Amino acid sequence: MSPLKSASVPEATSRARVLLHVCCGPCSIVPVLRLREEGFDVTGYFMNPNIQPLAEYLRRREAMEQCAARLELPMIWQDDAWDLTRWLRDVAGTRDAGELRCRYCYGTRLEATRHMADKGGFALFTSSLLYSRYQRHEVIVETAEAVATDGGPTFLYRDFRSGWQEGIDISKEWGLYRQPYCGCVYSEAERYAKSLAKKIL
Ligand code: SF4
């Protein structure tokens, strides 16, 4: 199903409860604001074993705490999901590159979100990943639709990317930590690859 096809449904009814997977503080601002404008009752869910190394995870978690405090956003923290060995074992050698790796990464987080939404009695789930212009938007939508099984919580598709600059401006105004790479050690290496290349030449 295309993102546009699912964009108009569902609408907020009787303050429908939404579990919003949050990848970091800066990317969460616009999704929370937009969902609330529509009348949804939003709870954040921080589940991100892809943020590596651990010091970076803790730094982004702290920024998310600050953001949640500003937004008065109720939060569920899934810190026990952070397991570097498990994450690398699932990726290294079979999904190291590009889309394959990101599909796995989105899948683990969205599946966990759907599961938590089910457990917590949320009617809907979605993700702040849909805010980023740097993520594979269509792959996120496809993955979320695939994990939303019949009878459980419904995936709420929204394209939050139109609020890109607004989110940046607010995060700077609030002094939130803004990370320089996506999350995994692969993306960190890709971010700084040019610096290494200059040394080798
Ligand atoms: S680049 Fe980002 S989305 Fe892709 S696997 Fe790494 S952390 Fe996950």
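The values are calculated or read from the model by the stated rules, or taken from the named source; none is laboratory data. Only a predicted model underlies this, so the values are computations on that prediction, with no experimental measurement involved. So basically every Cβ, Gly included, is an ideal-geometry build from the backbone, and we count neighbours across all protein chains shown. For the accessible areas, the whole protein counts, side chains as well, though only heavy atoms, and no ligand, DNA or RNA atoms are used. Shrake-Rupley method; radii C 1.70, N 1.55, O 1.52, S 1.80 Å.
Given the structure, is residue 101 open to solvent by 10 Å² or more (accessible area, probe 1.4 Å), modelled with pLDDT of 95 or more and in a loop (DSSP other than H, G, I, E, B)? Reasoning before the result, please.
Working: open to solvent by 10 Å² or more (accessible area, probe 1.4 Å): yes; modelled with pLDDT of 95 or more: yes; in a loop (DSSP other than H, G, I, E, B): no.
Here the answer is no, as residue 101 does not meet what is asked.
Do we find a residue being open to solvent by 70 Å² or more (accessible area, probe 1.4 Å), more than 17 Å from the chain's Cα centre (by Cα) and either of a type in the set (S, T, N, Q) or away from the ligand (no atom under 16 Å from the Cβ) (or both) anywhere in region 157-165?
Yes, region 157-165 contains a residue that is open to solvent by 70 Å² or more (accessible area, probe 1.4 Å), more than 17 Å from the chain's Cα centre (by Cα) and either of a type in the set (S, T, N, Q) or away from the ligand (no atom under 16 Å from the Cβ) (or both).
For the structure I just gave you, tell me whether residue 176 is out of contact with any Ser or Thr (no Cβ under 9 Å at 6 or more places or on another chain) and open to solvent by 60 Å² or more (accessible area, probe 1.4 Å).
Working: out of contact with any Ser or Thr (no Cβ under 9 Å at 6 or more places or on another chain): yes; open to solvent by 60 Å² or more (accessible area, probe 1.4 Å): no.
So residue 176 does not fit the description; no.
Evaluate the following for residue 191: is it in a loop (DSSP other than H, G, I, E, B), closer than 16 Å to residue 24 by Cβ, within 14 Å of the ligand (Cβ to nearest atom) and among the charged types (D, E, K, R)? Give the steps one after another, and end with the answer.
Details: in a loop (DSSP other than H, G, I, E, B): no; closer than 16 Å to residue 24 by Cβ: yes; within 14 Å of the ligand (Cβ to nearest atom): yes; among the charged types (D, E, K, R): yes.
Against the criterion (in a loop (DSSP other than H, G, I, E, B), closer than 16 Å to residue 24 by Cβ, within 14 Å of the ligand (Cβ to nearest atom) and among the charged types (D, E, K, R)), residue 191 does not qualify.
Across region 116-156, which residue is surrounded by the fewest Cβ atoms within 10 Å (Cβ to Cβ) among those that are in contact (Cβ under 8 Å) with a residue 60 or more places away in the chain and β-branched (Val, Ile, Thr)?
154
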